[in-house]
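The values are calculated or read from the model by the stated rules, or taken from the named source; none is laboratory data. Worth saying up front: this structure is predicted, and the values here are computed from it rather than measured. Glycine gets a Cβ as well: all are built from the backbone with ideal geometry, and neighbour counts include every protein chain shown. Each accessible area value is taken on the protein alone, full model and side chains, heavy atoms only, with ligands, DNA and RNA left out. Shrake-Rupley method; radii C 1.70, N 1.55, O 1.52, S 1.80 Å.
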Amino acid sequence: MGQKSGKIVAVTGNEAVAEALRQVNPDVSAAYPITPATEIMQRFTAFVSNGKAKTEMILVESEHSAMSACIGASAAGGRVATSTSAQGLALMWEELFIASGTRLPIILALVNRAMSAPLNIHGDHSDGMGARDCGWIQLWSENAQEAYDNMIQSFRIAEHMDLRLPAMVCMDGFIISHSIERMEYLDDEAVKSFVGEFKTVNPLLDIEHPVSYGPLILTDYYMEYRRAHAEVMSKVKNVVLDVAKDFEKISGRQYGLFETYRLDDAEIGIVILNSAAGTTKDAVDAFREKGIKVGLLKPRLFRPFPYEEVGEALKHLKAICVLDRADAFGGSYGPLFMDIAATLFPYKEKPLMMNKIYGLGGRDYLPEHAENAIAELAEVAKTGQIKTFKEYIGVRE
Amino acid sequence: MATPLGLKELSKKEMLLTGGHRMCSGCGAPIVVKMALLAAEQPVIAANATGCLEVSTCISEYTAWKIPWIHNAFENAAATISGVETMYRSLKKQGKIDKDIKFIAFGGDGGTYDIGFQSLSGAMERGHDMLYICYDNGAYMNTGIQRSSATPFGADTTTCPAGSAIPGKLQHRKDLTKIMAAHGVPYVAQASPSHWSDLMKKVRKALETPGPKFMNIIAPCNRGWRSRTDDAILLSRIAVETCYWPLFEIENGVTRVTVKPKEKKPLVEFLKPQGRFKHLFAPENESLLQQAQTQVDAYWAALLKEEAFYALSAGSTEQ
């Protein structure tokens, strides 16, 4: 529904994220170009050059330095954001752990792209999945609207005084980052007051109260730090829900830990992340018309993963197909499948499960892929037999 | 009025790196840090690359730093301090901070010449108001004396051990100080803790100069150099007197040698007290000793020539 102060626009995902950054107006941003995320910082630096954002830019010589400078800037005591894709995120990998271990609320827009080799610039989830265990919050987005809304909410979530954790907001490279969609921008003032003033915690720049960041901690206390991190991660979901409630007040748009689509009375279900969920919802509708009780679950908060809630939402199904836009080589199944399977582990009676790998390196995910998966699920539910536990779809044999 | 850099006045200043840290006895690095921080007149925030200095000064619940300090990782002290400095500028512009603060990054030669080289080069090019100080002990001492691009020619290290087929390190040192000067930054200098007054004047000049600055300071490591525990200052002095470690500055592109030894000592006086060069004194390695001496002589001669060139051109513009 349209809100009081919103503005309907036709923009790309990258443009929407850049707009969110302009509205939030971080104190510092360090960035390095990489396809398909580049456009975010091109647009954002144009805002800065024209006085529309007051952010101090650090145009670094690598993504490693981008995240290193973000860490320095965040520890200094202010609001910090950056963006990247694939190889860039991989180059940051060491720093991702340091940002989270140091509990710095840095925001990173991740435009999902396939990892090299072979070199490929198109969208898949192998970058974000590779960084799923680094102690960051991950919010995944189906379209430009969700990417924009998640960006704005991510500052409130990451900077929450119970958390102080970095967060990455994911959207599919090219499919969303470079496609123009109709969406709604919030009013500048609404975003400003929603995000609020940045609150510092032990800032380096407080020279009256000197602090040391980044100690050496060996066998005596390292494990306690890691357990503390795990405990903080367990508080994220409540903060995400609280922030979503406040966000609904200014936007009229509802967000949860995940989205369910025609799932409550469903017998079979698809689990899928990001843009492909849109295509799949159309297929769900088509099968519903044929009397097939199919539904969908699309994770939003992927890290920390809300295991209990997802399991609760899926446990009544007879069969589930998890579609992964990345493979976890050598781990038998795709990364999303493994998490979904884990949510159902505590239940005695559980759905049958199968896994399909699709869309790697930007390969199109077509309506027929969703339709085939649903038809196969219906058959599995009827016979109680799974023919193929895991397969690549949309691939040359 | 700035505190004069005299012993009497300096002795009244607070030591900003406290005792009780876990650096080895006789290590040159904490001496360098203490001198640098004593020279500073304004509050300083420091970043520290992973290395001996970092792992030994902030362990678990303890810190030896009385100033705000951040360790991020090995290769990124320059990028990290550039982030801190940028946040400072941002908040100052917004009127959220009014103090005058200086920013220093400390790194060993491994974290500066090698793995941190790109991060350092980037920060220098971007023009942050910061001073990067490399404490150069000529190897990866923290991990156990492995070869770096700052390791001197002929040295025995644990990854280029002097053996029967290969007599230690076969390459000459990377000339990082000149490479930093080639970035066109306003101030670059080389210093030694043996010449404390020269070192502290350089630090003060660097901190008073806006923009990116780089200092390379020799920091003897008795573990890696295989030298006596109490020889750090003596060896850094001999390094200057043999012209192995010339003391100079390059200010706005103009080179000036700040300390000229009255009598240039032979390099062997620097090499002899160090076990890492012991094998060079075997008769079959005589040519290596000569090669090392030739290299030092050539560098020193070129440096003096460079200084003379600038002195001459300064003279001609005055006319």
Can you give me the accessible area per residue for the stretch B:84-147, using a 1.4 Å probe, in Å²? 33 Å²
Peptide ranges A:386-392, A:213-219, A:202-208 listed from the most packed, as the mean C-beta count within 10 angstrom indicates: A:202-208, A:213-219, A:386-392
Step through the residues of the stretch A:86-102 one at a time and calculate ³J(HN,Hα) from phi using the Karplus curve (6.51 cos²θ - 1.76 cosθ + 1.60, θ = phi - 60°), rounding each to whole Hz and writing x for Gly and Pro. 5, 4, x, 5, 5, 5, 7, 3, 4, 6, 4, 5, 6, 4, 6, x, 8
Whole-Å distance, taken between Cα centres, linking the stretch B:1-63 and the stretch B:154-193: 25 Å
The stretch A:269-316: GluC sites (Glu not before Pro) in DSSP loop, at most 16 other beta carbons within 10 Å: none
Which trypsin sites (Lys or Arg not before Pro) in the stretch B:226-319 sit in a loop by DSSP (not H, G, I, E or B) and have at most 16 other Cβ atoms within 10 Å of their own Cβ? B:R226, B:R228, B:K262, B:K264
Under Karplus coefficients 6.51, -1.76 and 1.60, residue-wise ³J(HN,Hα) of the stretch A:332-347 in Hz, glycine/proline x: 6, 10, x, x, 5, 4, 4, 5, 5, 4, 5, 5, 9, 3, x, 8
Here the equivalent ellipsoid of the protein assembly as shown, derived from its Cα gyration tensor, has semi-axes (largest first, whole Å) of 56, 28, 22
Once the Cα atoms of helix B:232-241 and of chain B are each reduced to a long axis, what angle between those two axes, in degrees from 0 to 90 to the nearest 10, is obtained? 70 degrees
Give me a comma-separated list of calculated 3J(HN,Hα) values for the stretch A:141-155, in order, Karplus coefficients 6.51, -1.76, 1.60 applied at θ = phi - 60°, integers in Hz, x for any Gly or Pro. 10, 6, 8, 4, 4, 5, 4, 5, 5, 5, 4, 5, 5, 4, 5
Between helix B:77-93 and chain B, what is the angle of the helix's C-alpha long axis to the longest principal axis, kept within 0 to 90° and rounded to the nearest 10? 20 degrees
Excluding residues fewer than 8 places away in the same chain, name every one of the lysines whose C-alpha is closer than 30 Å to that of A:K382. A:K281, A:K290, A:K293, A:K298, A:K315, A:K318, A:K348, A:K350, A:K356, A:K390
Could you state how much accessible area is buried at the B-A interface, both sides summed, with a 1.4 Å probe, in Å² to the nearest 100? 3100 Å²
Angle between chain A longest axis and helix A:236-251 axis [Cα atoms, degrees, rounded to 10]: 90 degrees
Residues of the stretch A:7-251: accessible area per residue with a 1.4 Å probe, Å²: 36 Å²
With a 1.4 Å probe and all protein chains left in place, how much of the accessible area of chain B comes from carbon and sulfur atoms, in whole percent? 56 percent
I'd like to know how chain A sits against the 2.2 N^0.38 Å rule of thumb: what's its Cα Rg over that expected value? 0.98
Relative contact order computed over the stretch A:258-392 (Cα-Cα under 8 Å; 6+ residues apart), in percent: 29 percent
Inter-chain shielding metric for B:99-105, i.e. average beta-carbon neighbours from other chains within 10 angstrom, reads 2
Would you tell me the mean number of C-beta atoms belonging to other protein chains that fall within 10 Å of each C-beta in A:280-293, as a whole number? 0
Given a 1.4 angstrom probe, I'd like the percentage of the accessible area of the stretch A:299-397 that is carbon and sulfur, rounded to a whole number. 54 percent
Once each part is reduced to its C-alpha centroid, what is the distance from the stretch A:270-323 to the stretch B:244-319 in angstrom? 72 Å
List A:L91, B:L38, A:L59, A:L96, ordered by accessible area with a 1.4 Å probe, largest first: A:L59, A:L91, B:L38, A:L96
Alpha-carbon centroid distance for the pair the stretch A:49-83 / the stretch A:143-180, whole angstrom: 17 Å
The stretch A:258-392 accessible area per residue, 1.4 Å probe, protein heavy atoms, integer Å², reads 43 Å²
Amide H partners (placed H, <5 Å) of B:H71, local residues excluded: A:Y213, A:G214, B:N48
Roughly to the nearest percent, how much of the accessible area of the stretch A:7-251 is carbon and sulfur, given a 1.4 Å probe? 54 percent
For chain B, what relative contact order do you get, as a whole percent, if you take Cα pairs closer than 8 Å and at least 6 residues apart? 15 percent
Give me a single rounded figure for B:59-67: the average over its residues of other chain Cβ atoms within 10 Å of their Cβ. 4
For the stretch A:7-251 the mean separation of alpha carbon contacts under 8 Å (6+ apart) over residue count, i.e. relative contact order in percent, is 24 percent
